[in-house]
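To keep things clear, I will list the structure first and then write my remarks on it.
The values are calculated or read from the model by the stated rules, or taken from the named source; none is laboratory data. Worth saying up front: this structure is predicted, and the values here are computed from it rather than measured. All Cβ positions, glycine included, derive from the backbone under ideal geometry; neighbour counts span all protein chains shown.
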């Protein structure tokens, strides 16, 4: 039987939370809270194993960063299902959902860039992605020593003649165009201060 990818439902929350946080405990992804998952439930896709009480064996969600840019976040596949192509199918389904919702670009921060490259993403400079990513990242314990690679997939065709040349760049918005994200970039590059005490 082929695993079916479907929208997450309330009954999936406990096993979805357990799957994501099991990988978070290994520093593979950031942890999620039950409240956060419930609040964003319409943005999650899951694969649930009906033979295991509908336990989630694969998941991922979309997080809007700008009106045109969305992030694939919390992509996880249970160890028993890894190597079966399920992760790739989940990303493809999330990208399809992003297209349906009208997004122009999909990004991801990952420890496995080759996986995303096989699916059509390209490695980009992390600062070329919307600064909204970094508004969330600033709370990450790995903020000053981030080891994730920024990936981007452009869902649009070539922009028409006469459009602003900057618009085709990753996560383009007015903040990037005018360099308003520079203070955040400097904060990212600064090493944390050691406090006596």
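Restricting the search to strands (runs of 3 or more DSSP E) fully inside region 1-115 and requiring at least 1 residues that are within 30 Å of residue 125 (Cα to Cα) gives 44-49, 55-64, 69-77, 105-110.
Every condition in (1) in contact with a strand residue (DSSP E or B) (Cβ under 8 Å, 6 or more places away or on another chain); (2) modelled with pLDDT of 90 or more; (3) over 18 Å from residue 115 (Cβ atoms); (4) surrounded by 15 or more Cβ atoms within 10 Å (Cβ to Cβ) holds for residue 77 except the one numbered (3).
Pick from region 9-27 the residues that are more than 16 Å from the chain's Cα centre (by Cα) and under 18 Å from residue 148 (Cα atoms): which of them is surrounded by the fewest Cβ atoms within 10 Å (Cβ to Cβ)? The residue in question is 26. Can you tell me which residue is farthest from residue 8 (Cα to Cα) among those in region 31-69 that are in contact with a helix residue (DSSP H, G or I) (Cβ under 6 Å, 6 or more places away or on another chain) and free of Cβ contacts under 8 Å to residues at least 24 places away in the same chain? Out of the qualifying residues, it is 31.
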